[in-house]
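Visitor: First, the structure itself, so that you have it in front of you.
The values are calculated or read from the model by the stated rules, or taken from the named source; none is laboratory data. Because the structure is a prediction, the values reported are computed rather than measured. Glycine gets a Cβ as well: all are built from the backbone with ideal geometry, and neighbour counts include every protein chain shown.
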């Protein structure tokens, strides 16, 4: 690349970064020389450019999240595993129409990433949450473990809008046992209503895809091509039982939180899933 081209690219980059840096730095301080203020603006602009690079920490974390699976449940406990310093999250999730416990570890809490997630999780006990689960490789590349990389608050579990578990209609009482000549009446067995998922019947793949696209459009993603690419990435995480999608709530959450097309994460989505547009549209 010629020096002239490098200068032009740097100028275009500066035009995009300066407004962000000025907004981040805020107004000039009382008595602050303009030269000092502009130096703070430049420093932040450079930090933003570095953070958006391919080797930056933000890029690494976004790549992890894009390669994660998301599951939704009610966070019931957060404990520290002293042998590893990792936080252990316990969630109640639907499994075969019944609530079941799911446990997952965070990164080590002696580091900033794991500690931040631990602090967030402690405040969300009793809430429905979406957990981004990434498969980590141990020293042995053949052995992997699940690691929680991000957690999103979906509101208190007893919120009126909570639809993770819905009680079935009350069962009719069992008839009163009748004594027989051979002995006393058998003991009455209590009937427990079965807890079922509101979407236990599932949605067809085509219907799920249509709902995801509709949510992406309502979220403000105007480019149809980007919506198709994002939809392809989201549908890659669909849990399918026969011809039915059983985790539509999770897919719709991903659609609502899809990053803008012009962001670094959005460009990665377009690059990774853009080639699937025609196949997904078929």
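Visitor: Looking only at region 16-24, decide whether some residue is under 22 Å from residue 59 (Cβ atoms), surrounded by fewer than 11 Cβ atoms within 10 Å (Cβ to Cβ) and within 33 Å of the chain's Cα centre (by Cα). It would help to see each step written out before you state the result.
Guide: Going residue by residue through region 16-24, those that are under 22 Å from residue 59 (Cβ atoms) are 16-21, 23-24.
Filter again for surrounded by fewer than 11 Cβ atoms within 10 Å (Cβ to Cβ), leaving 19, 23.
Now drop any that are not within 33 Å of the chain's Cα centre (by Cα), which leaves 19, 23.
Scanning region 16-24 turns up at least one residue that is under 22 Å from residue 59 (Cβ atoms), surrounded by fewer than 11 Cβ atoms within 10 Å (Cβ to Cβ) and within 33 Å of the chain's Cα centre (by Cα).
Visitor: Can residue 97 be described as within 20 Å of residue 237 (Cβ to Cβ) and touching a strand residue (DSSP E or B) at 6+ places or on another chain (Cβ under 8 Å)?
Guide: Details: within 20 Å of residue 237 (Cβ to Cβ): no; touching a strand residue (DSSP E or B) at 6+ places or on another chain (Cβ under 8 Å): yes.
It is false that residue 97 is within 20 Å of residue 237 (Cβ to Cβ) and touching a strand residue (DSSP E or B) at 6+ places or on another chain (Cβ under 8 Å).
Visitor: If you take the residues in region 238-268 that are assigned to a loop (DSSP other than H, G, I, E, B) and touching a helix residue (DSSP H, G or I) at 6+ places or on another chain (Cβ under 7 Å), which one is surrounded by the fewest Cβ atoms within 10 Å (Cβ to Cβ)? Show your work before the answer.
Guide: Filtering region 238-268 down to residues assigned to a loop (DSSP other than H, G, I, E, B) leaves 238-239, 242-243, 246-247, 257-263.
Subset that is touching a helix residue (DSSP H, G or I) at 6+ places or on another chain (Cβ under 7 Å): 238, 243, 258-261.
Numbers: 238: 18, 243: 10, 258: 24, 259: 17, 260: 14, 261: 18.
Across region 238-268, the extreme among qualifying residues is 243.
Visitor: Regarding region 83-104, can at least one residue be identified that is modelled with pLDDT under 90, outside the structural domain of residue 237 (by TED's automatic domain parsing) and at positive phi?
Guide: yes
Visitor: Looking at (1) surrounded by fewer than 16 Cβ atoms within 10 Å (Cβ to Cβ); (2) modelled with pLDDT of 90 or more; (3) over 16 Å from the mean Cα position of the chain (by Cα), can you tell me which one residue 109 breaks?
Guide: Every listed condition holds for residue 109 apart from (1).
Visitor: Which ones in region 66-106 are within 18 Å of the chain's Cα centre (by Cα), surrounded by 15 or more Cβ atoms within 10 Å (Cβ to Cβ) and not in a strand (DSSP E or B)?
Guide: 66, 68
Visitor: If you take the residues of region 112-140 that are under 20 Å from the mean Cα position of the chain (by Cα), free of Cβ contacts under 8 Å to residues at least 12 places away in the same chain and surrounded by fewer than 16 Cβ atoms within 10 Å (Cβ to Cβ), which of them is farthest from residue 242 (Cα to Cα)? Quick ask: steps written out before the conclusion?
Guide: To start, the set of residues in region 112-140 that are under 20 Å from the mean Cα position of the chain (by Cα) comprises 112-136.
Now drop any that are not free of Cβ contacts under 8 Å to residues at least 12 places away in the same chain, which leaves 112, 115-116, 119, 123, 136.
From what is left, the residues that are surrounded by fewer than 16 Cβ atoms within 10 Å (Cβ to Cβ) are 112, 116, 119, 123, 136.
Details: 112: 42, 116: 39, 119: 39, 123: 38, 136: 29 Å.
Selected residue: 112.
Visitor: Among (1) surrounded by 11 or more Cβ atoms within 10 Å (Cβ to Cβ); (2) in a helix (DSSP H, G or I), which single condition is residue 32 missing?
Guide: The failed condition is (2).
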